[in-house]
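The values are calculated or read from the model by the stated rules, or taken from the named source; none is laboratory data. It should be emphasised that the depicted structure is a prediction, and the values quoted were computed from it without experimental measurement. In this analysis, Cβ positions are derived from the backbone assuming ideal geometry, glycine residues included, and neighbour counts consider all displayed protein chains. When the accessible area is computed, the model is the full protein with side chains, heavy atoms only, and any ligands, DNA or RNA have been set aside. Shrake-Rupley method; radii C 1.70, N 1.55, O 1.52, S 1.80 Å.
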Amino acid sequence: MLQTQTVHINFTGGIVSPGYLAEVLEIALACKVQHVRFGLRQQLILDVPIKHFATFEDTCLSNNIHYYKKKEALPNIISSYPAAGTFTTDSWLREGVYKDVFNLFDYKPTLKINICDSTQSLVPFFTGHLNWISSPAAHFWYLYIRFPKTQTIYCFPELVYTNDLPSLSKNIEELLSIKNEGYTDGDELYQQVKSNSSFISKPVEKPLALPDFSLPYYEGFNRYDNNYWLGIYRRDELFPVSFLADVCAVCLETKIGQLYTTPWKSIIIKGIETAHRHMWDYVLGRYRINVRHAANELNWLVEDNTEEGLLLKRHIIRFFDKEDVRTYGVSFAVQMKPHSGMFGSVIIRKHETKNTERLKSLDRFEILYTNGFNPNSFDFISFRHNVEKEHLGTYLVSLCKFFYEMRNGKKIIKHASPVSVATQLAKTPAVKTIHQCKHCFTVYDAAGNEDNNIIAGILFEDLPVAYECPLCGAAKEDFIPVEETSLQLQTH
């Protein structure tokens, strides 16, 4: 029997006033909630004890606080507003423009909507269904539509004026809901939109140029004009309610009017005056909050409320720490559920299985990376199939090495052409075939062999003809393809 009821509270665009958040936290404390989380879509997630849920409901209703039970939750509108002024400085998309757009939404979207500055890399572009991305022309936006229940993305052929974003979003959502079987042709949807909508637009003259991805260090105290901004990340994603209540109290006392949530499940406080810095040091110290985590721990995304994904992330990070692996410029995502869309340069995806009682030791994973290692890319390339948990770290190290070689202009791994996200989602993992010496049963390992000048990632088929077994010296032709489950053990 469930002991808690998970609820979501949406903060449009990832912004919330300290006063409103303080009200929510006060109700949470009264209902014995000790910790809260922030979600991938910049929302607040609470697990309310069932025996206190009626009190939670009544108090939220009387305080005009809107919440959603987990299965009924409407997707939050996410935005790159938290990046404005700190991670972006030369854009026409200022805080006032974001607020104007948010205020024009006169309905609650049931589709995921992303509103992003094209010059930033803090917030993902394409994880929504309606993805609005600023263009170089002031107050005009690209629109990329990802059709529901698919990974098909269509570029709207016109740039849309700022004031028309909410009304056009509503119109597209209504059209998509009417056609139950869904759209497969973006041009058909475009013609429908043009026939029943009026909006200011201009033709798309240049395609969207994706910025090079570089995740900003979104944690700790950082200089911001003449003040500071503070980013707070939690390794286990859990923020103590009492800690956040004190954060709100300091904000109200020092006249900080907004808090910002990010898709990296962290919070940002801007406008901290030098004279008030000691107050923040006191609060952080009181709750023993660490704000200087290693960069290779900050560049990860895990599905909401997925403890299994967090455990896998910790397992891999421990391996990275042990091997002293550099991961700067790469972002990782753990996907434990079959069809959740995750943002990352590298995706560790658990193979789907219908056996819910299967031992964890039998779990297998696929490692994919995006074309060009840009997490906003549409295309994923499969790096390894059917990988055991214990081998993930080794293969990810090889992939990181490949990333730096590629960035330096060297191409050392031969891989298949990029395939669509939809194709990857639909793909059923095949039984892994590897090559084994028929004499001594040595297995060729594509993780590489420095002693024999074999670079990581080289497929057996791409080895030179003169390749020999490193153990017994047998020729390449004496290696036979076998299924991994049929391997013979080495006798030497």
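Surface exposure of the chain, expressed per residue as accessible area with a 1.4 Å probe, stands at 48 Å². Pairs from the list LYS149/LYS337; LYS112/LYS170; LYS313/LYS389 with a Cα-Cα gap above 18 Å: there are none. Each of GLU205 and SER17 was given a label point 7 Å from its Cα along the Cα-to-Cβ line. The distance between the two points is 4.2 nm. Could you check how much of the accessible area of the chain is carbon and sulfur, as a whole percent, using a 1.4 Å probe? Percent of accessible area from carbon and sulfur atoms in the chain: 50. Principal-axis analysis of the Cα atoms of the chain puts helix 241-253 at an angle of about 50° to the longest axis.
Relative to the longest principal axis of the Cα atoms of the chain, helix 277-286 runs at roughly 60 degrees.
Measuring with a 1.4 angstrom probe and ignoring ligands and nucleic acids, LYS194 comes out at about 90 Å² accessible. Full extension of the chain between ASP100 and LYS255 yields a length gain of 53.6 nm, computed as 0.36 nm times the residue separation minus the alpha carbon distance. Measuring r between the beta carbons of TYR287 and LYS70 and using R0 = 25 Å, the FRET efficiency lands at 0.40.
Each other residue within a Cβ distance under 14 Å of LEU104 adds +1 if Lys or Arg and -1 if Asp or Glu, for a net charge of 0. In terms of overall dimensions, the C-alpha atoms belonging to segment 138-180 reach 35, 19, 13 Å along their principal axes, ordered largest to smallest.
Per-residue 3J(HN,Hα) values for segment 129-146, derived from phi via the Karplus relation 6.51 cos²θ - 1.76 cosθ + 1.60 with θ = phi - 60°, read 8, 10, 10, 8, 10, 4, 9, x, 7, 4, 6, 10, 10, 6, 10, 10, 9, 9 Hz in sequence order (x marks Gly and Pro). Of all beta bridges that DSSP places with both ends in segment 101-175, some 70 percent have antiparallel geometry. Here is the list for segment 71-107: trypsin sites (Lys or Arg not before Pro) lying in DSSP coil, each with at most 15 other C-beta atoms within 10 angstrom of its C-beta, are ARG94. Equivalent-ellipsoid semi-axes for segment 263-409 (Cα gyration tensor, √(5λ), whole Å, largest first): 31, 20, 15.
Simple spin-label estimate for ASN227 and LEU459 gives 5.5 nm between the two label positions (7 Å along the Cα-to-Cβ direction from each Cα).
Checking every one of the chymotrypsin sites (Phe, Trp or Tyr not before Pro) in segment 10-92 against DSSP loop status and a limit of 16 other Cβ atoms within 10 Å picks out TRP92. Of the residues GLU205, GLU253, GLU219, ranked by 1.4 Å probe accessible area with the largest first, the sequence reads GLU205, GLU253, GLU219. In terms of its alpha-carbon gyration tensor, the chain comes out prolate; a/c meets the 1.5 threshold, and the first ratio a/b outweighs b/c. The solvent-accessible area of MET406, taken with every protein chain present and a 1.4 Å probe, is close to 70 Å².
Give the Rg/Rh ratio for segment 104-255, taking Rg as the radius of gyration of the Cα atoms and Rh as the Kirkwood radius, to two decimals. Dividing the radius of gyration by the Kirkwood radius yields 1.06. A helix-only calculation puts the chain at -8000 deg cm²/dmol for mean residue ellipticity at 222 nm, using -39500 (n - 2.57) for each DSSP H run of at least four residues, averaged over all residues.
Here, segment 262-328 is characterised by an Rg to Rh ratio of 1.06, where Rg is the alpha-carbon radius of gyration and Rh the Kirkwood radius. For segment 161-169, 3J(HN,Hα) computed residue by residue from phi via the Karplus equation (6.51, -1.76, 1.60; θ = phi - 60°) reads 6, 3, 5, 9, 4, x, 5, 6, 4 Hz, glycine and proline entered as x.
With axes computed from alpha carbons, what is the tilt in degrees of helix 307-323 against the longest principal axis of the chain, rounded to the nearest 10 within 0 to 90? Its long axis makes an angle of about 60 degrees. So what's Rg/Rh here for segment 100-189, counting alpha carbon atoms and using the Kirkwood radius for Rh? A ratio of 0.94. Taking ARG314, ARG288 and ordering them by how much accessible surface each has at a 1.4 Å probe, largest first, produces ARG288, ARG314.
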